[in-house]
Amino acid sequence: MEALILVAHGSKVKSSNDEIVEIVSKIRASVNNSDLKVFHAFLELTEPSIFMAINKALAENCTKIKIFPYFLAAGKHVQEDIPCELKKFKKQYPDIEFTILPHIGKCNGIENMIISNM
């Protein structure tokens, strides 16, 4: 079983966090694959935390966990905070395959997506 965890910053503004929940719901609906579990997590200000989301994936017997940093640029959260959280889990669960996917700004076609929304 595989998991995809979309990790966003988190906000004090509920509607901002709700957007992430909605995106994850859309991903779940579009994938419609029982072998892929999709979760969301936040680094700050709200829950579920990345710790909670990874534990939920592990509880659902996911052996491959992919983290998608929902960030435009590779700032501190992308370069340090997310890898630091994963390092703890990699040590505790050496048989689980953890992967950090490219953040939004490094995704193929991001420039086309921006232009197509003009």
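The values are calculated or read from the model by the stated rules, or taken from the named source; none is laboratory data. The structure displayed is predicted, hence computed values, not measured ones. All Cβ positions, glycine included, derive from the backbone under ideal geometry; neighbour counts span all protein chains shown. Ligands, DNA and RNA are excluded from the accessible area calculation, which covers all protein heavy atoms including side chains. Shrake-Rupley method; radii C 1.70, N 1.55, O 1.52, S 1.80 Å.
Structure notes:
- Hits in the range 33-49 (condition: assigned to a loop (DSSP other than H, G, I, E, B) and surrounded by 16 or more Cβ atoms within 10 Å (Cβ to Cβ)): 43, 46, 48
- Pairs meeting the criteria (first residue in the range 54-67 and on the phi > 0 side of the Ramachandran plot, second residue of a type outside the set (Val, Ile, Thr), beta carbons under 7 Å, at least 6 apart or on different chains) are 61/1.
- Those residues of the range 1-32 which are open to solvent by 80 Å² or more (accessible area, probe 1.4 Å) and outside any loop (DSSP other than H, G, I, E, B), in sequence order: 14, 19, 22, 26, 28, 30
- From 71, 98, residue being of a type in the set (Phe, Trp, Tyr), in contact with a strand residue (DSSP E or B) (Cβ under 9 Å, 6 or more places away or on another chain), surrounded by 16 or more Cβ atoms within 10 Å (Cβ to Cβ) and in a loop (DSSP other than H, G, I, E, B): 71
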